[in-house]
DNA sequence: ATCCCGAGGG
DNA sequence: CCCTCTGGAT
């Protein structure tokens, strides 16, 4: 108990297999109906729950329907519409300025390459990876968000801290066809069980292979008492 | 008090 | 590397 498999590859594979049984249909939980809406929803999701983003984008997407409309909207008007979202001033600015570039340089269409996406203000590797995967069906990297970062570290799959380094390691450890699923498995498990504050290790299907399990002392005590 | 599918700037 | 942006839920 409380150990992990002998290599990061084996650990990652076992984690994937077990979480797949637990969350067989996990996928993106942001609401969107086109690539522009996807891009905006992902920008808004930074340090904010998807549930809240979905709540606010319902009206937003009904009000603005093209990159040109976002580009021409007064920033204060956008910020007001986003006022219950984290960092709403920054995000209103990102959305408006990214939309300007999408109109002026990409014919009003959300670009489909990593370099073009990350040139947009407010779009880093994480956001670009999500847009590529779910908007363009291009899997160029592994989406490393706060859940993937927390779980891979707790599980002993990586010891890196920066999302960029964790992504590079995961790209080495995981088969490419599993990159997209791995992210959503981590997110689902991170929300339901392996939470940031009080992880519910007693209900965790990975408890016996998790070096961070807080049940170690209890388990040892129980096995001692059994004798 | 901490955390949420981060990114930009210093 | 550090800091800031930021409201709602717990």
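What follows draws every value from the coordinates through simple rules; no lab data is involved. Quick caveat, the model's predicted, so the values are computed rather than measured. All Cβ positions, even for glycine, are placed from backbone atoms using ideal geometry, and neighbour counts span all protein chains on display.
Label the range A:35-135 by shape, choosing from rounded, prolate and oblate, from the square roots a ≥ b ≥ c of the eigenvalues of the Cα gyration tensor; if a/c is under 1.5 it is rounded, and otherwise prolate applies when a/b is larger than b/c, oblate when it is not.
It comes out oblate by the Cα gyration axes.
From the Cα gyration tensor of the range A:137-182, with a ≥ b ≥ c the square roots of its eigenvalues, which class applies: rounded if a/c is under 1.5, or else prolate if a/b is larger than b/c, or else oblate?
Verdict is prolate for the range A:137-182.
Which whole number in µm²/s is D for chain A by Stokes-Einstein, with the Kirkwood Rh taken over Cα pairs at 25 °C and 0.890 mPa s?
130 µm²/s
Can you give the calculated 222 nm mean residue ellipticity of chain A, where each DSSP H run of n ≥ 4 adds -39,500 (n - 2.57) and the sum is split over every residue, rounded to the nearest 500 deg cm²/dmol?
Computed mean residue ellipticity for chain A: -17500 deg cm²/dmol.
For helix A:8-22, what angle does its Cα long axis make with the longest principal axis of chain A, in degrees from 0 to 90 and rounded to 10?
So the inclination is approximately 80 degrees.
Just to confirm the number: angle between the C-alpha axis of helix A:125-135 and the first principal axis of chain A, 0 to 90 degrees, nearest 10?
The helix A:125-135 is inclined about 80 degrees to chain A.
Nearest 10 degrees is fine. How inclined is helix A:163-173 to the longest principal axis of chain A, computing both from alpha carbons?
Compared with the principal axis, the helix lies near 60 degrees.
Order of A:35, A:153 from fewest to most other C-beta atoms within 10 Å?
Least to most surrounded, the residues fall as A:153, A:35.
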